[in-house]
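The values are calculated or read from the model by the stated rules, or taken from the named source; none is laboratory data. On a predicted model such as this, the values are computed, not experimentally measured, just so you know. Neighbour counts run over all protein chains shown; Cβ positions are idealised from the backbone, glycine included.
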Amino acid sequence: MTLYSGQLSVEEDVLESGIDLYPNPANEAFFLKKASSINLQSVVIYDVNGRLISKHDASNTSGVQTISLSGISKGLYFVNINSDLATITKKLIVK
């Protein structure tokens with residue numbers, strides 16, 4: 001997994017500002033709240049070593065999506081949020 005810490009494109013900026021991931025830290029699940037103008041494709045969770053933990057189809061969701069953390073150990077994870085415009089990565093702590 002490659003993380004870039006540079007300037008965001010317009011599409012990434014729109015996606016970043018239109019997505020809320022909460023609660024963080026999370027226990028059993030977290031929620032993704034999206035702006036109505038954003039069309040999500042998928043939500044992918046990776047561990048700190050870049051291993052795929054889970055992948056969720058988000059193409060038919062509107063408003064708030066619940067992502068279960070069942071079976072996921074405590075620790076730091078990276079959540080890739082893919083839309084038709086761009087992909088952003090957010091950090092998630094599972095406690």
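For every residue, the table says whether it meets (1) of a type outside the set (A, V, I, L, M, F, W, C); (2) in a strand (DSSP E or B).
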site: K33; (1), (2): yes, yes
site: S42; (1), (2): yes, yes
site: G50; (1), (2): yes, no
site: I53; (1), (2): no, yes
site: T61; (1), (2): yes, no
site: T66; (1), (2): yes, yes
site: N82; (1), (2): yes, yes
site: I93; (1), (2): no, yes
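Taking the range 68-80 as the search range and keeping residues that are touching a residue at least 40 places away in the same chain (Cβ under 8 Å) and part of a loop (DSSP other than H, G, I, E, B), which one is farthest from F31 (Cα to Cα)? The extreme case among them is S70.
If the condition is being surrounded by 11 or more Cβ atoms within 10 Å (Cβ to Cβ), free of Cβ contacts under 8 Å to residues at least 40 places away in the same chain and touching a Gly at 6+ places or on another chain (Cβ under 8 Å), then the range 22-38 contributes K33, K34, A35.
Here L3 passes the criteria (1) at pLDDT 90 or above; (2) surrounded by fewer than 16 Cβ atoms within 10 Å (Cβ to Cβ) except the one numbered (1).
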